[in-house]
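K.L.:
One structure, pasted below without further comment.
The values are calculated or read from the model by the stated rules, or taken from the named source; none is laboratory data. Please read all numbers here as calculations on a predicted model, not as lab measurements. Accessible surface areas use protein heavy atoms only, side chains included; no ligands, DNA or RNA. Shrake-Rupley method; radii C 1.70, N 1.55, O 1.52, S 1.80 Å.
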Amino acid sequence: MKNAIIIHGTEGYPEENWFPWLKNKLEEQGYTVSVPQFPSPPVVPAKISEWFKVLEGYEIGEETVIIGHSLGGVFTLRILEKLEYPVKGAFLVGTPVGIRPIKNYERDVSFCGFDFEWNKIRKNAKRFVVFHSDDDPYVGLENGQKLAEKLGVTLSFVPNAGHFNMSAGYTEFPDLFEEIAKE
């Protein structure tokens, strides 16, 4: 069964940004789509253990695509480190991997650090796509470049897209949908 999980970032929620639009578009393609609400209160750092607790209620199988935005991308990488089998694809948008500038660096590093098991991650998704912009006010472009390099893919660079959020005009994300639809 084709399913997708969309993972929001810091202080995020399921109804923000392009998440509802993407959920609808994927459901039209026959996907079962989940957009969980993870605990991410303002100021207080999120706890990765709490995020994994929320995730327990969702199925992740070999036909799953995981879409992570910002800190949700970091969490996606942590999910891939734990899997025993590869998912269909991982799509990472504006994801920090430890290269400053990162606006919430201290909060993000306390979430789970930036020491990734890249070999395990690469084995646990059949396909990766990394989106990043040159004017992201939260996560510097070098993060997207390093992430794409570590995953062995070409960076999907989108100029002037900010953090791919509502304030940057992202209530829809056709480029991301087109990449997922290739699955």
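K.L.:
Please label the shape of the stretch 117-183 as rounded, prolate or oblate, based on the square roots a ≥ b ≥ c of the eigenvalues of the alpha-carbon gyration tensor (a/c under 1.5 means rounded; beyond that, a/b larger than b/c means prolate, else oblate). Don't skip to the answer; put the middle values down first.
P.N.:
Numbers: a/c = 2.49, a/b = 1.39, b/c = 1.79.
Note, shape of the stretch 117-183 comes out oblate.
K.L.:
Largest first, what is the accessible-area ranking of Leu77, Leu141 with a 1.4 Å probe?
P.N.:
The most accessible residue leads, giving Leu141, Leu77.
K.L.:
Can you list residues whose amide H is under 5 Å from Ala161's amide H, if they're 5+ apart or on another chain and H is modeled 1.01 Å from N?
P.N.:
Asp134, Asp135
K.L.:
Something else now. Sequence gap at least 6, Cα distance under 8 Å: using those rules, report the relative contact order of the chain to the nearest whole percent.
P.N.:
23 percent
K.L.:
The chain: Rg/Rh from Cα coordinates, Kirkwood Rh?
P.N.:
For the chain, the value is 0.92.
K.L.:
So, one more: I'd like to check one number: the per residue accessible area of the chain, probe 1.4 Å, reported in Å² as a whole number.
P.N.:
So the chain comes to 44 Å² accessible per residue, rounded to a whole number.
K.L.:
What residues qualify as long-range amide H neighbours of Ile7, i.e. H under 5 Å apart, gap of 5 or more or another chain, H built at 1.01 Å from N?
P.N.:
Residues meeting the amide H criterion: Ile67, Gly68, His69.
K.L.:
For the stretch 144-183, list log₁₀ I(q)/I(0) at each q in 0.17, 0.25, 0.34 Å⁻¹, using the Debye formula over Cα point scatterers of equal strength and ignoring solvent, two decimals each.
P.N.:
So the normalised log intensities are -0.56, -0.98, -1.05.
K.L.:
If ligands, DNA and RNA are left out, what is the accessible area of Tyr13 with a 1.4 Å probe, given in Å² to the nearest 10?
P.N.:
90 Å²
K.L.:
Something else now. To the nearest 10 Å², what's Met166's accessible area with a 1.4 Å probe?
P.N.:
Solvent-accessible area, nearest 10 Å²: 100 Å².
K.L.:
Sticking with this one: Counting pairs of alpha carbon atoms under 8 Å apart in space and at least six apart in sequence, what relative contact order in percent does the stretch 1-94 give?
P.N.:
Working: 153 pairs, mean separation 32.1, N = 94.
Dividing the mean separation by the residue count of the stretch 1-94 yields 34 percent.
K.L.:
Determine how large the accessible area of Thr32 is when every protein chain is in place; take a 1.4 Å probe and give Å² rounded to the nearest 10.
P.N.:
Counting only protein heavy atoms, the figure is 70 Å².
K.L.:
Tell me, how many Å apart are the Cα centres for the stretch 68-147 and for the stretch 1-48?
P.N.:
15 Å
K.L.:
Say we join alpha carbon atoms closer than 10 Å with springs in a Gaussian network model of the chain; which of Gln145, Gln37, Gln29 then has the biggest fluctuation?
P.N.:
Answer for the Gaussian network model of the chain: Gln29.
K.L.:
Moving on. Rounded if a/c is under 1.5, else prolate if a/b beats b/c, else oblate: with a ≥ b ≥ c from the C-alpha gyration tensor eigenvalues square-rooted, which is the stretch 85-158?
P.N.:
Cα axes put the stretch 85-158 in the oblate bin.
K.L.:
For Val33, list long-range residues whose amide hydrogen, built 1.01 Å from N in the peptide plane, is under 5 Å from its own amide hydrogen.
P.N.:
Ala4
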